[in-house]
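Visitor: Here it is: the structure, laid out below.
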Amino acid sequence: MVSGTGSPIRGRLLIRCGSCRRATDLPARGQWRFDTTAGVYGGLDLWLRTEVAGHVLWAFDSDHIDRIEQYVAATLRERTPNWNTSFASRLPAWVKDRKHREVMLAACERLQELSR
């Protein structure tokens with residue numbers, strides 16, 4: 001997983017790999033953006049991402065993958081009060097679609113392998 005130090009310093013941003021700790025600096029690209037459809041954060045591709053059913057499944061870390069996997073694997077998905085702020089309410093419809101359950105679980109396994 002790629003992590004940044006926060007705000008750009010003198011127009012450069014230090015990026016460090018969470019696994020091997022290798023660091024590099026890149027030119028800051030203005031304002032940070034987050035593209036949920038492509039797994040892009042701050043103009044940089046997230047490391048933990050894979051294609052599923054014509055979409056991109058991404059995660060920040062192994063805990064995030066676990067939460068997605070638990071939701072997808074659940075056979076009973078109960079709604080909570082104030083459901084628009086729940087984790088499940090923020091997942092795209094294709095992730096929640098039961099017809100994608102098996103490929104989603106396989107994708108979560110692929111992401112877990114990448115996170116090690």
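The values are calculated or read from the model by the stated rules, or taken from the named source; none is laboratory data. Quantities reported herein were computed from a predicted structural model and do not represent experimental measurements. Backbone-built Cβ (ideal geometry, glycine too); neighbour counts: all protein chains shown.
Visitor: Would you check if residue 47 is modelled with pLDDT of 70 or more, under 20 Å from residue 111 (Cβ atoms) and in a loop (DSSP other than H, G, I, E, B)?
Guide: Answer is yes for this residue.
Visitor: Among the residues that make up region 21-30, is at least one of them in contact with a Phe, Trp or Tyr (Cβ under 9 Å, 6 or more places away or on another chain) and either at pLDDT below 80 or in a loop (DSSP other than H, G, I, E, B) (or both)?
Guide: no
Visitor: Same structure, new question: Please state which of the following conditions residue 88 fails to meet, knowing it meets all the rest: (1) more than 23 Å from residue 114 (Cβ to Cβ); (2) modelled with pLDDT under 75; (3) surrounded by 14 or more Cβ atoms within 10 Å (Cβ to Cβ).
Guide: (2)
Visitor: Which of the residues that make up region 59-79 are hydrophobic (A, V, I, L, M, F, W, C) and either in a helix (DSSP H, G or I) or modelled with pLDDT of 90 or more (or both)?
Guide: Once the filter is applied, which keeps residues that are hydrophobic (A, V, I, L, M, F, W, C) and either in a helix (DSSP H, G or I) or modelled with pLDDT of 90 or more (or both), region 59-79 yields 65, 68, 72, 73, 74.
Visitor: When you look at residue 87, is it touching a residue at least 24 places away in the same chain (Cβ under 8 Å), of a type in the set (Phe, Trp, Tyr) and under 30 Å from residue 20 (Cβ atoms), yes or no?
Guide: In short, no.
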